[in-house]
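Comments concern the structure below.
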Amino acid sequence: MNNYLKNLYRIAVMVFMAAFLFSCSQHKAKENVVKVVSDSASHIKSEIEVILIGKIEARRTFANIQFIEDEKERDKYIDEQERNSPDIFFADSSIVMGFERLGLMKNGELLDKKFKSQKSDSLSFNDSAGRKLSIKFFWNEQMLFKIFYASDSVEINTGSDNFSLNYTFLDIIPGGNKELVFLDNWYIMNGYNFDFKVYSIQIND
């Protein structure tokens, strides 16, 4: 009986060791695959680089209208709020100076009416070096845009659920190349939100 138990013990140990070695070899194989993919991907460099360099978020609220019963007073309040600049509640310091220099911000206020937007879903433009790029906006559950240059392209999701297009090209960061300034303007809970996103577009020739 003792010999029988000893034999079972030896068999169990051998099975355990075989399983352990097989597991290690599989894990090592997976590590090698990951390394190969990673090394391969590291050599792929896009000619186009699109970077979100900053955001400004503001809101024009009509919340106090719920406390005004007189219809004429309500109309007056709405007119006043429409004339007032939206209140800024977030601004990246990296782009504030550019917005102020271009007259889109003053004394901490967002001057939204001075933002002259474009609405075409496609256009071409040249960078400061004269290289021609194309851009295409399209909808796929959210608003996206795609930049084309030579044989390369880059696709960016703006995160906007808004169907309407509001954007322009402005020299927010001095240097010659204009940045893409995208405006997501949307209504929620008695007010309009203005979310500006500034994208830098660079060519890596």
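Filtering region 135-151 to residues that are assigned to a loop (DSSP other than H, G, I, E, B) and either of a type in the set (Ser, Thr, Tyr) or surrounded by 13 or more Cβ atoms within 10 Å (Cβ to Cβ) (or both) leaves only Ser151. Within region 59-77, the set of residues being surrounded by fewer than 13 Cβ atoms within 10 Å (Cβ to Cβ) and part of a loop (DSSP other than H, G, I, E, B) comprises Glu69, Asp70.
The listed residues are Ser85, Ser25, and the only one of them that is polar (S, T, N, Q) and modelled with pLDDT under 90 turns out to be Ser25. Screening region 155-205 for strands (runs of 3 or more DSSP E) wholly inside it with 1 or more residues that are among the small types (Gly, Ala, Ser) returns the ranges 191-203.
If you go through region 78-91 and keep only what is without any contact (Cβ under 8 Å) to a residue 60 or more places away in the chain, within 16 Å of Leu183 (Cα to Cα) and either surrounded by fewer than 16 Cβ atoms within 10 Å (Cβ to Cβ) or touching a Lys or Arg at 6+ places or on another chain (Cβ under 7 Å) (or both), you end up with Asp87, Phe89, Phe90. Counting residues in region 111-122 that are assigned by TED's automatic domain parsing to the domain that holds Ile188 and part of a strand (DSSP E or B) gives one or more. Cβ-Cβ distances below 9 Å connect no pair with a first residue in region 187-199 that is on the phi > 0 side of the Ramachandran plot and free of Cβ contacts under 8 Å to residues at least 12 places away in the same chain, a second residue that is crowded, with 17+ Cβ neighbours inside 10 Å and among the hydrophobic types (A, V, I, L, M, F, W, C), and a separation of six or more residues or different chains.
Of the residues Lys106, Lys132, Lys116, the single one that is within 14 Å of Phe196 (Cα to Cα), exposed (fewer than 14 other Cβ atoms within 10 Å of the Cβ) and either basic (Lys, Arg) or touching a Cys at 6+ places or on another chain (Cβ under 6 Å) (or both) is Lys116. Among the conditions (1) in a strand (DSSP E or B); (2) under 15 Å from Val198 (Cβ atoms); (3) aliphatic (A, V, I, L, M); (4) without any contact (Cβ under 8 Å) to a residue 60 or more places away in the chain, the only one that Val96 does not satisfy is (1).
The values are calculated or read from the model by the stated rules, or taken from the named source; none is laboratory data. All of these numbers come straight from a predicted model, not from anything done at the bench. Don't worry about glycine lacking a Cβ; one is built from the backbone with ideal geometry, like all the others, and counts go over all protein chains shown.
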